[in-house]
Structure formats: structure tokens, C-alpha cells
Amino acid sequence: MRAQTNSWFSNFLLRVGDGVEDVIDEDYVRIPDDMTIPYIDEATSKDALINEMFPSFATNAHSS
């Protein structure tokens with residue numbers, strides 16, 4: 001879990017829970033830009049997301 005190893009992310013979650021993080025229309029938490037993947041087109045953005053979540057996927061795709 002990212003919150004266990006990343007103090008910035010843990011602090012972000014605490015700010016959300018405490019109600020001090022930026023919100024949109026009082027219903028949505030604003031996700032910081034450095035936590036998002038910008039949309040370019042469907043294929044490019046999907047590949048960027050996969051590469052971010054699974055950085056060694058191409059190398060380990062066939063490893064059991």
C-alpha cells in the first residue's frame with residue numbers, strides 16, 4: 001500500500017480525512033496534478049497509466 005511507504009501520500013490522505021484538502025463543489029477532492037496522468041488520447045494515456053502502475057510489465061510479462 002502506497003500510504004505505508006510514501007509519507008507525502010500519507011499526509012495527503014490525512015488532509016483529506018481532516019477536511020483541509022482542496023475540494024470541488026464540496027463533494028469532490030481535488031487530486032494534485034502530480035498524482036494524475038494527463039489525457040492525450042486513449043491509447044497514449046492508457047499506456048502511460050499501465051507504465052506508471054506496472055513499470056516492469058514489459059520485462060516481466062511472461063514470468064510466472
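The values are calculated or read from the model by the stated rules, or taken from the named source; none is laboratory data. Computed from a prediction, not measured in an experiment: that's the story for all the values here. For neighbour counting, all protein chains shown are included, and Cβ atoms are generated from backbone atoms with ideal geometry for every residue, glycine included. Ligands, DNA and RNA are excluded from the accessible area calculation, which covers all protein heavy atoms including side chains. Shrake-Rupley method; radii C 1.70, N 1.55, O 1.52, S 1.80 Å.
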Estimated vicinal HN-Hα couplings, Hz - region 25-40 in sequence order (Karplus 6.51, -1.76, 1.60; Gly, Pro = x): 6, 6, 10, 10, 7, 7, 7, x, 4, 6, 9, 10, 10, x, 7, 10
Longest principal axis of the chain (C-alpha) makes with the long axis of helix 7-18 (C-alpha) an angle, in degrees to the nearest 10, of 40
With every protein chain left in place, what is the accessible area per residue of the chain in square angstrom, probe 1.4 Å? 90
Long-range amide H contacts for VAL29: which residues qualify at under 5 Å (H placed 1.01 Å from N, peptide plane, sequence gap of 5 or more or a different chain)? ILE24
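At a 1.4 Å probe, what is the % contribution of carbon and sulfur to the accessible area of the chain?
On the way: 3060 of 5770 Å².
In the chain, the share of accessible area belonging to carbon and sulfur is 53 percent.
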Those chymotrypsin sites (Phe, Trp or Tyr not before Pro) from the chain that are DSSP loop and have at most 12 other Cβ neighbours within 10 Å turn out to be TYR39
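Within region 1-55, which trypsin sites (Lys or Arg not before Pro) sit in a loop by DSSP and count at most 15 neighbouring Cβ atoms inside 10 Å?
On the way: sites: ARG2, ARG15, ARG30, LYS46; in loops: ARG30.
For trypsin sites (Lys or Arg not before Pro) across region 1-55 that sit outside H, G, I, E and B with at most 15 neighbouring Cβ atoms in 10 Å, the list reads ARG30.
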Using every alpha carbon pair in the chain, what percent of pairs falls into each 10 Å bin from 0 up to the bin containing the largest distance? 17, 34, 34, 13, 2
Once the Cα atoms of helix 42-53 and of the chain are each reduced to a long axis, what angle between those two axes, in degrees from 0 to 90 to the nearest 10, is obtained? 80
